[in-house]
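Trainee: Let me begin by handing over the structure; questions about it come next.
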Amino acid sequence: MFTKKKVIYFFILLLLVSVLDFWIFSNIKTSYNEVLNENLLKTSQIISRSIPKSNFDYNKWIKKYEKENENLKIIYINGLPGFFETTDYFNEENIYNFFNNNLKSKDFQKGIESAVYSEFYFSKSDYIINNSKYRIIFAPILSDEYDVLGVGVLFFKMDKYMEFYRIVNIFMYAVIIIFILLYGIINFSRDPVMNFIILGIFVIVAIFTAYPLFEAVRLTFIKNGEFSLDIWKKILTTKQYLNAFWGSIKLGISTATLSTLVGFLFAFVLARTGIKGKKIFSTMATLPVISPPFSLTLSILLLFGNNGLITKKILGLENFSIYGLGGLTLVQTIGMFPIAYLTMVGVLHSIDSTLEDASLDLNASKLETFLKVTLPLSMPGILSAWLLVFTNSLADFANPLILSGNYRVLSVEAYLEVTGMNRLGNGAALSILLLLPTITAFLVQRFWVSKKSFVTVTGKPSPRITELVSKPVKTILVSLIVLIIIFLISLYGTIVAGCFVRNWGIDYTFTLENITEALQRGKDAIMDTVTLASAATPIAGILAMMTALILVRKKFSGKRLFEILIMAPFAIPGTLIGISYILAFNKAPLILVGTGAIIVINYIIRELPVGVEGGVAALRQIDPSIEEAAQDLGADAPTVFKTIVLPLLRPAFISSLSYTFVRSMTAVSAVIFLISAKWYHITVLIYNFSENLRFGLASVLATTLIIIVLAAFGLMRLLVKESETLEKSVSQ
């Protein structure tokens, strides 16, 4: 693809484009600078003729103009320097010290001389004072008769105006980069269309993943425009933050351990025993995954809160409190054990029973076989499940926001730092701190698993499973599962019941007023949530399938970095994403904060990794020769993707759509930072109702959200049927 002629043409065109580009943008900057100087001069002329007419209160005069213009600092030299004795007036000590230090410079001497002779003088260059850029104008201060009474040294802060020059420079260099990429892809690549797609997705994830994270990390090392470790010193030495850090760790460990135990119970019974009704049990085990994060917390409060049905109405407990570590662990375990179950059920199902048979043939008991064969072989799945739940627990924001009480966790501390105290740097640092235990746990898990071999499928696997539990033990295990499911159903039933109670905990009179009031007050939030989720869903689904195709089928430089950027949002706490988006997109050139677009983008980027993983798994089962045949017949990349790949990926595509929609409908952690008066979210409204003890209204909206989510999953089942797997027979 590279020829001498093409390369020469490329460099000639690049030179011409660069010259034209620099000329155009230089003219733009020059014109802007002229307009800016003209405006500064007009301001200076107004100040020049506004000398106090009585009492000569110069300090008051200076304060007045500095208050009206926050970007202006004034030094007034009363009298004519070089002719009469003068007196200096000022408010800013730093500005005055800078003035004195540069007073003998040619630029300042020229400025004072010009002002004495009734001329306005602009400094030859802008000056840096306290990390801010200032443009200085020396102005004659005139009486009503236009006599020169003194010299005003006007310091105009230029940081705000310099933003325009920064944006112009970004566009100037962007034009050259875009030209290089476009020309290079069109003329020097074999598959221009696919390369454009790769470039487009790479740019998207770079802008909406790497750039915001960079801004968040950068902010934690900046103070007053300079590099500083003050924020991290404060975070790592303040007892409140350290208690919150250890609080998050303790909550994560307790939740991950209990969730893994409950998830293993479900996975083992459903994968390694021959019980009936597996589909019902499996459906119930995954129910909390698709419910709003506030729903279980709300039901726990309705049952076990200070005015809970069980704690106060039935048991009459006075000093019992569900708030704190115990309540949080309970709610998170019920909400997150499905993650552990889904992670482990496949691992347990794939264990070859011939190994267990061999152990039993060697006179090992069923318990010994379970402890020495089945459990060790399940360890990769158990560790993965524990790690996933631990990560989700640390990043969980919704449950601790309501149930933490006096118990401190980092995710809530980060939220309070940003929303309550407007300390974005502290909030970003606390959110970044959440990544440390997650990364540590991940590395420990990888190291442990890499040291052992867990290979069991080396040929044709056994078509049956060996049941390792006796009937009494099976009865006990199934009973435990049934009790958990009953408790789970009671939690969801409580939410529905809460819709029809006048004032939960005080007045249990039946009423329909909650439904009317909640839907009236929440209709805008519901519409906003459904609209934004619906906008994000198709974009995220198509983007996920295209990305999966690129990762599986294409080889290109930077592929590893591309994959890391795609998958990174899955491991990043939602609070950090929300804070980083505020920092990155609340300034030019991309001002998105306050718009619906930033919420949609957050949905897409946040849920993209799951869709990509599903697409990658499905693509690995599809023979590449199908796509190659279409290409040999003249189909280009978009045609192959639309007519071959997408239909074959239909189940994964529909699953990606459903997952994105559901997660968008139930999002909290990042969205709570990004909502605005124009665009609200139903989960935030549920939280507000819960905080104000309007549990009836919160129950109605939570129930509405559950209905919408279940309807989305029902629609998914209509669009695509799951593949039936071969059932294994059970031997006793």
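The numbers here are math on the coordinates, done by the rules we state, and not lab data. Remember, it's a predicted structure, so these values are computed and weren't measured experimentally. A quick note on method: Cβ atoms are made from the backbone with ideal geometry, for glycine too, and the neighbour counts reach across all protein chains shown.
Trainee: I need the trypsin sites (Lys or Arg not before Pro) found in the stretch 478-563, filtered to DSSP loop residues with at most 11 other beta carbons within 10 Å of theirs.
Mentor: Lys555
Trainee: Is the stretch 229-498 rounded, prolate or oblate when judged by the Cα gyration tensor, a ≥ b ≥ c being the square roots of its eigenvalues, rounded requiring a/c under 1.5 and prolate requiring a/b larger than b/c?
Mentor: Taking the square roots of the gyration eigenvalues as a ≥ b ≥ c, the stretch 229-498 is oblate.
Trainee: Follow-up. What is the calculated FRET efficiency for Ile622 to Glu318, with r their C-beta to C-beta distance and R₀ = 56 Å, to the nearest 0.05?
Mentor: The formula returns an efficiency of 0.35 here.
Trainee: Pop out the ³J(HN,Hα) list for the stretch 334-346 in order, Karplus 6.51 cos²θ - 1.76 cosθ + 1.60 with θ = phi - 60°, rounded to Hz; leave Gly and Pro as x.
Mentor: 5, x, 10, 4, x, 4, 5, 4, 5, 6, 8, 5, x
Trainee: Would you please give the residues with an amide H less than 5 Å from that of Lys587, counting only those at least 5 places away or on a separate chain, with H modeled from the backbone geometry?
Mentor: Those qualifying (amide H under 5 Å, at least 5 residues apart or on another chain) are Leu592.
Trainee: Pairing the Cα long axis of helix 424-433 with the longest principal axis of the chain, what angle in degrees results, from 0 to 90 and rounded to the nearest 10?
Mentor: Result, in degrees: 30.
Trainee: Which order results if His349, His681 are arranged by neighbouring Cβ count within 10 Å, fewest first?
Mentor: In increasing order of surrounding Cβ atoms, one gets His349, His681.
Trainee: Placing +1 at every Lys and Arg Cβ and -1 at every Asp and Glu Cβ, with all other atoms neutral, what dipole size does the stretch 4-162 have around its Cα centre, in debye to the nearest 20?
Mentor: 1000 debye
Trainee: Under 5 Å between amide hydrogens, which residues at least 5 positions from Leu149 or on another chain qualify, with H placed 1.01 Å from N in the peptide plane?
Mentor: Those lying under 5 Å, H to H, from Leu149 are Ile141, Leu142, Ser143.
Trainee: Let me ask something else. Using only Cα atoms, locate the centre of the stretch 575-626 and the centre of the stretch 67-109, then give the distance between them in Å, rounded to an integer.
Mentor: 52 Å
Trainee: First measure r as the distance between the Cβ atoms of Thr531 and Leu590, then evaluate 1/(1 + (r/R0)^6) with R0 = 25 Å and state the FRET efficiency to the nearest 0.05.
Mentor: 0.70
Trainee: While we're here: Apply the Karplus parameterisation 6.51 cos²θ - 1.76 cosθ + 1.60, with θ equal to phi minus 60°, to every residue of the stretch 598-614 and state each ³J(HN,Hα) to the nearest whole Hz, in sequence, with x for glycine and proline.
Mentor: Result, rounded to whole Hz: 5, 6, 4, 4, 4, 4, 4, 5, 5, 9, 4, x, 5, x, 5, 4, x.
Trainee: Shifting gears a bit: Assign one of three labels to the stretch 156-288, namely rounded, prolate or oblate, based on the Cα gyration tensor with a ≥ b ≥ c the square roots of its eigenvalues; rounded applies when a/c is under 1.5, prolate when it is not and a/b is larger than b/c, and oblate otherwise.
Mentor: oblate
Trainee: Work out how much length Lys279 to Arg650 would gain on full extension: take 0.36 nm times their residue separation and subtract the Cα-Cα distance, in nm to one decimal.
Mentor: 131.3 nm
Trainee: Starting from the Cα-Cα distance between Phe22 and Ala635, subtract it from 0.36 nm times their residue separation and give me the gain in nm to one decimal.
Mentor: 216.6 nm
Trainee: Within a 10 angstrom radius of the beta carbon, how do Leu229, Leu265 rank from fewest other beta carbons to most?
Mentor: If I rank by nearby Cβ atoms, fewest first, I get Leu229, Leu265.
Trainee: Okay, moving on. Looking at this model, which pairs from Lys234/Lys559; Lys133/Lys233; Lys278/Lys471 are more than 27 angstrom apart at the alpha-carbon?
Mentor: In this structure, Lys234/Lys559; Lys133/Lys233 lie more than 27 Å apart at Cα.
Trainee: Tell me, what HN-Hα J-couplings in whole Hz come from the Karplus equation 6.51 cos²θ - 1.76 cosθ + 1.60 at θ = phi - 60° for each residue of the stretch 639-655, using x for Gly and Pro?
Mentor: So the Karplus estimates, Gly and Pro as x, are 5, 4, 5, 6, 9, 10, 5, 4, x, 5, 9, 3, x, 5, 5, 5, 4 Hz.
Trainee: Now a separate question. Once both labels are modelled 7 Å past Cα along the beta-carbon direction, what's the Ile542-Glu368 spacing in nm?
Mentor: Spacing of the two 7 Å Cα→Cβ label points: 6.2 nm.
Trainee: Next question. Simple spin-label model, 7 Å along Cα-to-Cβ: Arg560 to Phe227 in nm?
Mentor: Each label point lies 7 Å from its Cα, and together they span 2.7 nm.
Trainee: For the chain, calculate the relative contact order in percent as a whole number, restricting contacts to Cα pairs under 8 Å that are 6 or more residues apart.
Mentor: Once divided by the residue count of the chain, the mean separation gives 14 percent.
Trainee: Sticking with this structure for a sec: What FRET efficiency would be calculated for the residue pair Asp361, Ser470, taking the C-beta separation as r and a Förster radius of 30 Å, to the nearest 0.05?
Mentor: 0.95
Trainee: Rg(Cα) of the stretch 1-88 divided by 2.2 N^0.38 Å?
Mentor: Relative to the rule-of-thumb radius for its length, the stretch 1-88 sits at 2.13.
Trainee: If you keep only loop residues by DSSP, which chymotrypsin sites (Phe, Trp or Tyr not before Pro) in the stretch 99-173 have at most 12 other Cβ atoms within 10 Å of their Cβ?
Mentor: Of the chymotrypsin sites (Phe, Trp or Tyr not before Pro), the ones in loops of the stretch 99-173 whose Cβ has at most 12 other Cβ atoms within 10 Å are Tyr117, Tyr146.
Trainee: How far apart, in nanometres, would the label points at Ala677 and Tyr165 be if each is projected 7 angstrom from Cα along the Cα-to-Cβ direction?
Mentor: Using points 7 Å along Cα→Cβ, the separation is 3.5 nm.
Trainee: Neighbouring Cβ atoms within 10 Å as the yardstick, rank Met421, Met545, Met162 fewest first.
Mentor: Exposure proxy ranking, most exposed first: Met421, Met162, Met545.
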